[in-house]
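Visitor: Questions regarding the structure given below will be posed in turn.
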Protein chains: 2
Amino acid sequence: MSRRGRQAEAARNDLLLLEAAREVFTTQGFDAPVSAIARRAGVGMGSLYRRYRTKEELLQRLCLLAMERVVEVLEEALAAPDPWEGLAGYVRSCVGFRSGALGPVAGTIAVTDEMWRTSRTATGLAERLVARARDAGALRDDVTALDVSLLIEQFSRPAPGPDSDEQRHVRQRLLAIALDGLRAPGATPLPGPAPSATWYEGRWGTPP
Amino acid sequence: MSRRGRQAEAARNDLLLLEAAREVFTTQGFDAPVSAIARRAGVGMGSLYRRYRTKEELLQRLCLLAMERVVEVLEEALAAPDPWEGLAGYVRSCVGFRSGALGPVAGTIAVTDEMWRTSRTATGLAERLVARARDAGALRDDVTALDVSLLIEQFSRPAPGPDSDEQRHVRQRLLAIALDGLRAPGATPLPGPAPSATWYEGRWGTPP
DNA sequence: CCGTTGCGGAGCGCTGCGCTCCGTTATAGG
DNA sequence: CCTATAACGGAGCGCAGCGCTCCGCAACGG
């Protein structure tokens, strides 16, 4: 797998780069300077641009990786014995690595076919996860899978300044509140119609 | 009050400007170009810079106004007969005009004495409002006034792209979920310690 | 009729970005 | 041990887009 010497360093750098890119883009937004990513990864600009010919290419790779990670988390969540714990764990994980922050890169970058496919897989799994929780009576019945995705997105939204421990902790507290609000009974009905899937997908451009 | 001719136009422009600034800054962030505000207000750059000598001055004025508006809303909320409805209305209003989005301008601009005073007034009122709801048993007892402020801030956080009707509607749905989570009984306890007031204030710089 | 007042917006200077290029350094082969 | 090579870090180029200024012009007042 891993070779020696300079080539090993190259392989390591690639991982460092992707992780740094995730941290920087999800906490500072997509217009964060590429140099910030290189610095965070402890890597020169040269090494970065040898692997990704452009900033957009890096972003595409990153989005795809994030989507695949979401799919993984969804599969684990569906494997969980308790429907509610599965759903809650999924939401917490996604907010944890801020998958939602990469969602609305919409319009900024071109969407590859592979990204579309992975996105659809994720949507399908999320729908099953939500349906399972609702059928088990663990979830209020006026909330849709899309609502859950948008909740993740709202809680992934970056705050100004560095992402301190304090901020992460606050986010966990607030998320705990929101998750309690997702649980079932006696809740006040949600206002207006459920968000439409076409609007949600439309932000990414038109499907192929 | 309002004079005639050119002077009336000047007065009108001032209101247009402040409203446009609020919309642009809260939806696009503080590094939005000043020209965007002028365009949104339907006003030339000259008129803007005649009233506010610098972008920072405009931001300061805007923050102060937002804080005063929050104080107004808090007073109305405290006057509401039902403690829970008062609190919920306050949160909905603040998220409605996105007062929280101006909060973390921290460090970007200098904080005037008047801003500090208004901020303290708001904090005091918010604490009373939250205490009243908790004493009435309408609010889970592990949530603090600071948690509520941070919840408003999280939901005020701007999404990329223009602030469409669809987005506003989604935000209302998600907020309804979170508000249900704030209500009392049988909720899972919030993780970790409550956020500290000194950390919260510290983001604005050191008090005078 | 002209003086005055406030108007819009073109453009200046500059910051800070994406990206390139090159001198330097670590490794592999003879 | 020495040289050829591969990958490295980061200074700097060209440019986009910002804050802000300045000026020609339109609308009023006397």
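Visitor: Quick one: B:Ala131 ticks every box in (1) over 14 Å from the mean Cα position of the chain (by Cα); (2) modelled with pLDDT of 95 or more; (3) at the interface with another protein chain (Cβ under 9 Å from one of its Cβ atoms) bar one, so which box is it?
Guide: (3)
Visitor: What number of residues in the range B:40-67 are of a type in the set (D, E, K, R) and exposed (fewer than 15 other Cβ atoms within 10 Å of the Cβ)?
Guide: 4
Visitor: Right, next: Going residue by residue through the range A:77-93, is there one that turns out to be away from every other protein chain (no Cβ under 14 Å), within 14 Å of DNA strand C (Cβ to nearest atom) and touching a residue at least 24 places away in the same chain (Cβ under 8 Å)?
Guide: no
Visitor: Now for a separate question. I need the full set of residues from the range A:51-71 which are of a type in the set (Lys, Arg) and assigned to a helix (DSSP H, G or I), in order please.
Guide: A:Arg51, A:Lys55, A:Arg61, A:Arg69
Visitor: Looking at (1) within 14 Å of chain B (Cβ to nearest Cβ); (2) surrounded by fewer than 20 Cβ atoms within 10 Å (Cβ to Cβ), which one does A:Thr206 not meet, given that it meets all the others?
Guide: (1)
Visitor: Within the bounds of the range A:176-191, is there any residue that is part of a helix (DSSP H, G or I), surrounded by 14 or more Cβ atoms within 10 Å (Cβ to Cβ), charged (D, E, K, R) and under 20 Å from the mean Cα position of the chain (by Cα)?
Guide: There is no residue in the range A:176-191 that is part of a helix (DSSP H, G or I), surrounded by 14 or more Cβ atoms within 10 Å (Cβ to Cβ), charged (D, E, K, R) and under 20 Å from the mean Cα position of the chain (by Cα).
Visitor: When only residues in the range B:192-201 that are small (Gly, Ala, Ser) and within 10 Å of chain A (Cβ to nearest Cβ) count, which is farthest from the chain's Cα centre (by Cα)?
Guide: Filtering first and then ranking leaves B:Gly192.
Visitor: If you don't mind, there's one more thing I want to ask. Would you check which residues across the range B:80-96 are of a type in the set (Gly, Ala, Ser) and open to solvent by less than 20 Å² (accessible area, probe 1.4 Å) and list them?
Guide: B:Gly86, B:Ala88
Visitor: Sticking with this one: Using beta carbons and a limit of 6 Å, which pairs, at least six apart or on different chains, have the first residue in the range A:35-48 and farther than 15 Å from A:Arg22 by Cβ and the second one within 7 Å of DNA strand D (Cβ to nearest atom) and of a type in the set (Lys, Arg)?
Guide: none
Visitor: Please give the number of the condition B:Phe155 fails out of (1) modelled with pLDDT of 90 or more; (2) of a type outside the set (A, V, I, L, M); (3) in a loop (DSSP other than H, G, I, E, B).
Guide: (3)
Visitor: Can you tell me which residue in the range B:11-39 is surrounded by the fewest Cβ atoms within 10 Å (Cβ to Cβ), limited to those that are away from chain A (no Cβ under 14 Å) and near DNA strand D (Cβ under 9 Å from one of its atoms)?
Guide: B:Ser35
Visitor: Of all residues being within 7 Å of chain B (Cβ to nearest Cβ) and not basic (Lys, Arg) in the range A:162-175, which is surrounded by the most Cβ atoms within 10 Å (Cβ to Cβ)? Just the residue, please. I'd like the intermediate steps shown before the answer.
Guide: Restricting attention to the range A:162-175, the residues satisfying the condition of being within 7 Å of chain B (Cβ to nearest Cβ) are A:166, A:169-170, A:172-174.
Within this subset, residues satisfying the condition of being not basic (Lys, Arg) are A:166, A:169-170, A:172, A:174.
Details: A:Glu166: 14, A:His169: 15, A:Val170: 23, A:Gln172: 16, A:Leu174: 25.
Checked the range A:162-175; the qualifying residue surrounded by the most Cβ atoms within 10 Å (Cβ to Cβ) is A:Leu174.
Visitor: With respect to A:Leu48, is the statement that it is within 16 Å of DNA strand D (Cβ to nearest atom), part of a helix (DSSP H, G or I) and either out of contact with any His (no Cβ under 9 Å at 6 or more places or on another chain) or more than 14 Å from chain B (Cβ to nearest Cβ) (or both) true?
Guide: Spelling it out, A:Leu48 is indeed within 16 Å of DNA strand D (Cβ to nearest atom), part of a helix (DSSP H, G or I) and either out of contact with any His (no Cβ under 9 Å at 6 or more places or on another chain) or more than 14 Å from chain B (Cβ to nearest Cβ) (or both).
The values are calculated or read from the model by the stated rules, or taken from the named source; none is laboratory data. This one's a predicted model, so the numbers in the text were calculated from it and none came from an experiment. Neighbour counts run over all protein chains shown; Cβ positions are idealised from the backbone, glycine included. These accessible areas exclude ligands, DNA and RNA; they are computed on the full protein's heavy atoms, side chains included. Shrake-Rupley method; radii C 1.70, N 1.55, O 1.52, S 1.80 Å.
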